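In what follows, a structure is listed as structure tokens, so that the remarks can point back to it.
The values are calculated or read from the model by the stated rules, or taken from the named source; none is laboratory data. Quick caveat, the model's predicted, so the values are computed rather than measured. Neighbour counts run over all protein chains shown; Cβ positions are idealised from the backbone, glycine included. Each accessible area value is taken on the protein alone, full model and side chains, heavy atoms only, with ligands, DNA and RNA left out. Shrake-Rupley method; radii C 1.70, N 1.55, O 1.52, S 1.80 Å.
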Amino acid sequence: MSYDPIMLLDAYRRMRAIREFEERMRREVQAGTVPGFVHLYCGEEAIAVGACMHLQDTDYIGSTHRGHGHCIAKGCDIEGLLLEIYCKQGGLCNGKGGSMHMADLNKGMLGANAIVGGAPPIAIGAALTAQVLGNRGVALAFIGDGASNQGTVFESMHMATVHKLPMIFMYENNGYAEFSGASWHLGGGDITRRAGGFGMPAVKVDGTDFFAVYDAMAEAVRRARDGEGPSSIEAVAMRWYGHFEGDMQTYRKKGEVDELRKTSDPLPKFEERATREFGLGVEELREIDEELREIIDEAVDVAKAAPKPLAPELYTDVYGSY
Amino acid sequence: MPQKNIRDAINETLKLEMRRDPRVVVIGEDVVGGLGGSSGVEEAAGGTFGVTAGLAAEFGRRRVIDTPITESAIIGMAGGAALTGLRPVAELMFIDFIGVCFDQILNQIAKFRYMFGGKARVPVVIRTMTGAGLGTGPQHSQSLYNMLANVPGIKVVLPSNAYDAKGLLTTAIRDDDPVIFCENKAMYLDACEVPDESYTIPFGQAAITRPGSDVTVVALSRMVTLANQVADKLAGEGIRVEVVDPRTISPLDTATILGSVQKTGRLVAVDECNPVCSFASELVSLAACEAYDALQAAPVKVTAPHTPVPAAPDLEQYYVPSLARIEEAIRNTLGGSTASARKVV
Ligand SMILES: Cc1ncc(C[n+]2csc(CCOP(=O)(O)OP(=O)(O)O)c2C)c(N)n1
Ligand SMILES: [Mg+2]
């Protein structure tokens, strides 16, 4: 497959933005500035970006509780996201959703979701809209290894197959569901075989390898746009940090992640290949790094200083009319 | 007597009941924790909030049953096991997740005894976390037990302190009917004196946590703590507030509530649930229908508003009934005006 260098630069920018964003959030959670539960995406950046590089604003994604990376990859505004995480005025959801429920319908981002297995049924609904309107749009649901066990996910896969919906089931196998390892909690041991059992093409890829995810997505999106129905991709990439920030991770071998960070960090992996094979310059990548650091620093400052929602907003937005 | 917090009191109760009856089993997500983890640490969690810690070590994994994320199967499995001879204590991590498994509760577990002509026993307990105030957003902060009290066939229990938590959970586990046991997530570390040995607290028996004669405040769960504080404050001004904690809302101790309202002539219903078709409404209807002649002022509801729980802590503080709102409502019923007590902000 050939890769457009402009697309690759954009992909790098999004992955770096996620990394920078999440590392900063980690420090902020530790400093106690962030309300609510925060689940970080470090280590899994290539999945969201490898998938979303194929999607337009008119395509849809459904996300999870670990949704910051999905939002950034889908093009949501960094400042809008941070304002939302800080639950401030001007946040993407006006502070009513917070980290676990961020949505940006203009970007086809149908919401992070604090109900495990909540998003796939919504995403097939978006796929149905695209199918009925006949606009060649597609929908994708990000689904954790843990979430893959929910009945809602099975039902959605089945419905998508029966109706040949333009749908992609993007499994993010990061090794754990909360404190339980995938080797234990996944009956049958294999998400891809399960998905294949529903009669859709199902592939398993290295989720730390942007190119692997991107290539698998290319075919899944083509199928969906051409009306051939759903596909499943299982992308394997360990999460670097705890389930949520503050998780002691006693279920995890000490050093498990140190090793991973050395050997399969999606960013250096991408950079190595993109500079060696596709002519991206190291300096331009460093410039992007620098620029994103500034953007995120500034956006965090803005979010912290922004005004809080006012009390009467508690009552707004429950209905359109009532 | 030793001081214990609610988390430890529940943990101790589970252990005592599992020792007493080998048919008692615990089922839920990460109730053991760490299975399949790379550290090999056995029981790496003992529940997300540590409530089931030490159970797997003592009773083994045959009786402490960790599960994948699959609430419909967890709750259904517990119900089916109860129907066939076990006494499961299932954990529904947050009550918000009830959406995923509601059929098993609503159409299956709650109805077995009745629709099988009284021939079934369904001794299942569903332990679950309720409550707002911790910034956990619209899908992890609800109370929802209102809805469950509306379903015939389920008992609904809401302990407001560690002593009651132990006695009520013991009763729940020994009861032959389905019980939803609601633990407020902001209260796990609240402690009081709790005996080491087992004891039961009957369902449908309210506690009067503050005796008084001027106004009756009926409150549940964490709202009891707030109501007690307001009662103590107003006692300094000579206002004698009676706080009634029903402890179970299905069955409901209407006699104690009505007795109190008949004595005081005034009712303030405090609850964290949404207000429409709610427990607070039920209390008001009870007073209106059964104690009409005794009422000296219109009953007042202090509840969450008819909105979801916002993520923003700055909005959430207005969502949950506060000390100030409870106090204002009490003063209003004493002053005869109820208009402003209905308004949240
Ligand atoms: C219906 C439901 N059940 C349980 C939970 C609690 N919970 C939140 S995240 C999580 C683990 C999810 O694991 P996985 O799908 O693998 O996603 P990951 O956290 O690894 O990204 C659990 C059990 C929930 N939020 N919703
Ligand atoms: Mg996972």
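Look at the range A:105-132: where a residue is without any contact (Cβ under 8 Å) to a residue 60 or more places away in the chain and a partner is of a type in the set (Lys, Arg) and more than 11 Å from ligand 1 (Cβ to nearest atom), sitting 6+ places away or on another chain with Cβ atoms under 7 Å, you get A:LYS107/A:LYS74; A:GLY108/A:LYS74; A:MET109/A:LYS74.
Is one or more of the residues making up the range A:195-210 within 16 Å of ligand 2 (Cβ to nearest atom), within 29 Å of B:GLY34 (Cβ to Cβ), basic (Lys, Arg) and away from chain B (no Cβ under 13 Å)? Scanning the range A:195-210, I find at least one residue that is within 16 Å of ligand 2 (Cβ to nearest atom), within 29 Å of B:GLY34 (Cβ to Cβ), basic (Lys, Arg) and away from chain B (no Cβ under 13 Å), so the answer is yes.
Have a look at B:ASN11, B:ASN5 and point out the one that is away from every other protein chain (no Cβ under 14 Å), in contact with a strand residue (DSSP E or B) (Cβ under 6 Å, 6 or more places away or on another chain) and of a type in the set (S, T, N, Q). Sole residue among the options that is away from every other protein chain (no Cβ under 14 Å), in contact with a strand residue (DSSP E or B) (Cβ under 6 Å, 6 or more places away or on another chain) and of a type in the set (S, T, N, Q): B:ASN5. Run down B:ALA162, B:ALA149, B:ALA120, B:ALA110 and say which single residue is modelled with pLDDT of 95 or more, aliphatic (A, V, I, L, M) and in contact with a Pro (Cβ under 8 Å, 6 or more places away or on another chain). On inspection, the qualifying residue turns out to be B:ALA110. Looking at the range A:34-89, which of the residues that are aromatic (Phe, Trp, Tyr) and under 21 Å from A:ASP145 (Cβ atoms) is farthest from the other protein chains (Cβ to nearest Cβ)? Going through the qualifying residues, I end up with A:TYR41. Applying the condition of being more than 18 Å from A:TYR176 (Cβ to Cβ) and among the polar types (S, T, N, Q) to the range A:252-300 and asking which residue is least open to solvent (accessible area, probe 1.4 Å) yields A:THR275. Taken over the range B:22-40, residues that are assigned to a loop (DSSP other than H, G, I, E, B), more than 10 Å from every other protein chain (Cβ to nearest Cβ) and open to solvent by less than 20 Å² (accessible area, probe 1.4 Å) amount to 1.
When the test is whether a residue is in a loop (DSSP other than H, G, I, E, B), open to solvent by less than 40 Å² (accessible area, probe 1.4 Å) and over 23 Å from A:MET238 (Cβ atoms), B:GLY50 passes it. Exactly one residue out of A:GLY146, A:GLY117 is in contact with a helix residue (DSSP H, G or I) (Cβ under 6 Å, 6 or more places away or on another chain), at the interface with chain B (Cβ under 8 Å from one of its Cβ atoms), over 21 Å from A:ARG223 (Cβ atoms) and not hydroxyl-bearing (Ser, Thr, Tyr): that is A:GLY117.
Matching residues to (1) over 27 Å from A:ASP4 (Cα atoms); (2) away from chain B (no Cβ under 14 Å):
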position	(1), (2)
A:TYR241	yes, yes
A:TYR251	yes, no
A:LEU285	no, yes
A:GLU294	no, yes
A:VAL300	yes, yes
A:ALA303	yes, no
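Here the helices (runs of 4 or more DSSP H) wholly within the range A:1-110 that include at least 2 residues being at pLDDT 95 or above and out of contact with any helix residue (DSSP H, G or I) (no Cβ under 8 Å at 6 or more places or on another chain) are A:5-30. In the set (1) open to solvent by 50 Å² or more (accessible area, probe 1.4 Å); (2) within 14 Å of chain A (Cβ to nearest Cβ); (3) touching a residue at least 40 places away in the same chain (Cβ under 8 Å), B:PHE102 fails one condition alone, (3).
Here A:GLU259, A:GLU245, A:GLU287, A:GLU283 are screened, and the one residue that is assigned to a helix (DSSP H, G or I), among the acidic types (Asp, Glu) and under 30 Å from A:LEU92 (Cβ atoms) is A:GLU287. Of all the residues in the range A:157-191, those that are within 17 Å of B:PRO68 (Cβ to Cβ) and not charged (D, E, K, R) number 19.
Within the range B:111-129, one or more residues are within 14 Å of chain A (Cβ to nearest Cβ) and either touching a Cys at 6+ places or on another chain (Cβ under 6 Å) or away from ligand 2 (no atom under 16 Å from the Cβ) (or both). Is it the case that the range A:139-146 has a residue that's open to solvent by less than 30 Å² (accessible area, probe 1.4 Å), at pLDDT 95 or above and out of contact with any strand residue (DSSP E or B) (no Cβ under 6 Å at 6 or more places or on another chain)? Taking every residue of the range A:139-146 in turn, none turns out to be open to solvent by less than 30 Å² (accessible area, probe 1.4 Å), at pLDDT 95 or above and out of contact with any strand residue (DSSP E or B) (no Cβ under 6 Å at 6 or more places or on another chain).
Looking across the range A:213-251, the residues that are closer than 30 Å to A:LEU133 by Cα, open to solvent by less than 10 Å² (accessible area, probe 1.4 Å) and not aliphatic (A, V, I, L, M) come down to A:GLY229, A:PRO230, A:SER231, A:SER232, A:GLU234. Please verify whether the range A:155-163 includes one or more residues that are touching a residue at least 60 places away in the same chain (Cβ under 8 Å) and within 16 Å of ligand 2 (Cβ to nearest atom). Within the range A:155-163, none of the residues are touching a residue at least 60 places away in the same chain (Cβ under 8 Å) and within 16 Å of ligand 2 (Cβ to nearest atom). Criterion first (hydrophobic (A, V, I, L, M, F, W, C) and surrounded by 24 or more Cβ atoms within 10 Å (Cβ to Cβ)) does A:LEU9 satisfy it? In short, no. Out of (1) in contact with a Cys (Cβ under 8 Å, 6 or more places away or on another chain); (2) not in a loop (DSSP other than H, G, I, E, B), what's the single condition that is false for A:TRP240? Condition (2) is where A:TRP240 drops out.
This table checks each residue for (1) surrounded by fewer than 20 Cβ atoms within 10 Å (Cβ to Cβ); (2) modelled with pLDDT of 95 or more.
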{"residue": "B:GLN3", "(1), (2)": "yes, yes"}
{"residue": "B:ILE6", "(1), (2)": "no, yes"}
{"residue": "B:LYS15", "(1), (2)": "yes, yes"}
{"residue": "B:ARG20", "(1), (2)": "yes, yes"}
{"residue": "B:GLU42", "(1), (2)": "yes, no"}
{"residue": "B:ARG63", "(1), (2)": "yes, yes"}
{"residue": "B:SER72", "(1), (2)": "yes, yes"}
{"residue": "B:ILE75", "(1), (2)": "no, yes"}
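In summary, strands (runs of 3 or more DSSP E) completely within the range B:63-169 and bearing 3 or more residues that are away from ligand 1 (no atom under 16 Å from the Cβ) occur at B:87-94, B:155-157. Between B:SER285, B:SER281, B:SER322, the distinction of being small (Gly, Ala, Ser), more than 14 Å from chain A (Cβ to nearest Cβ) and closer than 21 Å to B:LEU226 by Cα belongs to B:SER281 only.
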